[in-house]
Amino acid sequence: MGAEGSNVGPVAGVQKAGKRVLFMVSASHATQHMYSALLPLTYSYVLITFHIHYAELGLAVAATSVVGGLSQITAGYVSRRVAARWILGSQNLILGLCAVLGSLAPTYPLFAGAQGMASLAASQQHPVGGAVLARTYPERRGIALSFHTIGGSLGSLLIPLPAAVLLSRFGWRPTMLILSAPLFLMGLILVLTFPVVDRERSWPKVPGRPRLRWPSVPRAEIIHPRVVVLGILAATVAAGGRGLGTLNTYVPLYLRNRAHIPEVEVGLIFDLMLLGAVVGPLIGGALSDRLGRLPVLWVAYGLAAVFVFGLGRAAGLPLALIVVLAMAVGVFAYIENPLLQALVSDAVTGEGQASVFGIYFALAYGVGSLWLALLGWVIGTFGFTAAFTIMAGSYVAAGVILIPCWKTLRRKPTG
């Protein structure tokens, strides 16, 4: 295997690293989501501390998410020039710093600014980590990318219950400060121990072509253009109900402020929902490798729409029923993200993975994050029930968008 950063073929180096790469990329994703899962649990306190409303909160969260999301479009450029250990390690170190800054923020703009810096720092995790795994496991991308998502879900799963206890006893500022420690630790581990892997192959130098240009993917690196375009569009639409994004932001607020469930119970329900988010992608990824991405996606979209719609109307129902609905939402609503990534990845050659993932995440997470602002306004104006109805509808719309992909994938074998 060539030295890290060589262009001796983008696949050979990562394949030798094998399971260790899968474990450490997923572990990086886990600590990233420890931070992102903590934030929604602080929002009910933040609303009071800084005297802001749902619409203001949604707008600020959306703005920071858009910045981080759009910056993912640079993944193709970054992954060809910076070693994966530095990309993944530094993001965790910066997230730890942002948790400290957020805990000390005297005003909401400074608190939101720390979130924005964290979103920017973490922007390369999905496209770079996903591209490394897609090249490492070309025949089992569904399960590999699902493990990547599961890593994030496990990180989210570790936080709600202990954070709820800390929040109820010490308040949100000390809680953020305490939970910055694992972020710093994981950052150091990644920088010091991440396997040496080859970067992606650099594009040939063309005389007269500027070194910095709008990210693009050569046509030869795209197997099914229709699948790539519609997959990205579906991901952007489904962001209206995305698990690791919209649901993570608004479900804790819904449980606390609309269903009036105590803090510790909110943490427990959120944990159980995220437990479903571990099980769902694991089963969905394995099934999609056997049965195809689209059939599994359509089933997940349909069931997620039903259960999210029901959860939005569950306030006032027995706690046991709310728990069951939250777990069902966790199982099905979190399947679509890794399977859409696998669907798009299947339609691209190995050389174009990071570049296409960069565009995918920039649009699906950057533009898609505007849903957070819209839903914050809807909650403040019409209530949580209307917002959850829109979330459910976004799944249905995304499933419809993917219908033309069926004919393309049946007509041509996946490369």
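Scanning segment 108-115 for any residue that is of a type in the set (Ser, Thr, Tyr) and either surrounded by fewer than 24 Cβ atoms within 10 Å (Cβ to Cβ) or modelled with pLDDT under 75 (or both) turns up at least one such residue. Within the bounds of segment 57-68, is there any residue that is small (Gly, Ala, Ser), in contact with a Pro (Cβ under 9 Å, 6 or more places away or on another chain) and over 21 Å from Thr149 (Cβ atoms)? For segment 57-68, residues small (Gly, Ala, Ser), in contact with a Pro (Cβ under 9 Å, 6 or more places away or on another chain) and over 21 Å from Thr149 (Cβ atoms): present. Checking Val61, Val25, Val67 one by one, the residue that is in contact (Cβ under 8 Å) with a residue 40 or more places away in the chain, surrounded by 24 or more Cβ atoms within 10 Å (Cβ to Cβ), more than 30 Å from Ser168 (Cβ to Cβ) and in contact with a Gly (Cβ under 8 Å, 6 or more places away or on another chain) is Val25 and no other. Only one of the listed residues (Gly352, Gly285, Gly292) is at pLDDT below 85 and more than 30 Å from Leu255 (Cβ to Cβ). That residue is Gly352.
Listed here are the helices (runs of 4 or more DSSP H) enclosed by segment 280-364 that have at least 3 residues being closer than 15 Å to Gly130 by Cα: 336-346, 353-361. Restricting segment 39-55 to residues that are among the hydrophobic types (A, V, I, L, M, F, W, C), in contact (Cβ under 8 Å) with a residue 24 or more places away in the chain and farther than 14 Å from Val251 by Cβ leaves a set whose member that is surrounded by the most Cβ atoms within 10 Å (Cβ to Cβ) is Val46. For segment 72-98, give me each residue that is of a type in the set (S, T, N, Q) and either at pLDDT below 75 or touching a strand residue (DSSP E or B) at 6+ places or on another chain (Cβ under 6 Å) (or both). Selection gives Gln72, Thr74, Ser79. Taken over segment 126-179, the criterion of being of a type in the set (Lys, Arg), surrounded by fewer than 24 Cβ atoms within 10 Å (Cβ to Cβ) and touching a Ser or Thr at 6+ places or on another chain (Cβ under 7 Å) is satisfied by Arg173 alone.
Taking Leu244, is it under 27 Å from Gly399 (Cβ atoms) and modelled with pLDDT of 85 or more? In short, no.
Please determine whether any residue of segment 173-184 is part of a loop (DSSP other than H, G, I, E, B) and at pLDDT below 85.
Here is the first cut: in segment 173-184, the residues part of a loop (DSSP other than H, G, I, E, B) are 179-180.
Filter again for at pLDDT below 85, leaving none.
No; the residues of segment 173-184 include none that is part of a loop (DSSP other than H, G, I, E, B) and at pLDDT below 85.
For (1) of a type in the set (A, V, I, L, M); (2) crowded, with 24+ Cβ neighbours inside 10 Å; (3) farther than 30 Å from Ser71 by Cα, each residue gets a yes or a no:
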{"site": "Ile322", "(1), (2), (3)": "yes, no, yes"}
{"site": "Val356", "(1), (2), (3)": "yes, yes, no"}
{"site": "Gly383", "(1), (2), (3)": "no, no, yes"}
{"site": "Val396", "(1), (2), (3)": "yes, no, no"}
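The values are calculated or read from the model by the stated rules, or taken from the named source; none is laboratory data. Here the structure is a predicted model, which is why all the values come from computation and not from measurement. Positions of Cβ are generated from backbone atoms using ideal geometry, with glycine treated the same way; all protein chains shown enter the neighbour counts.
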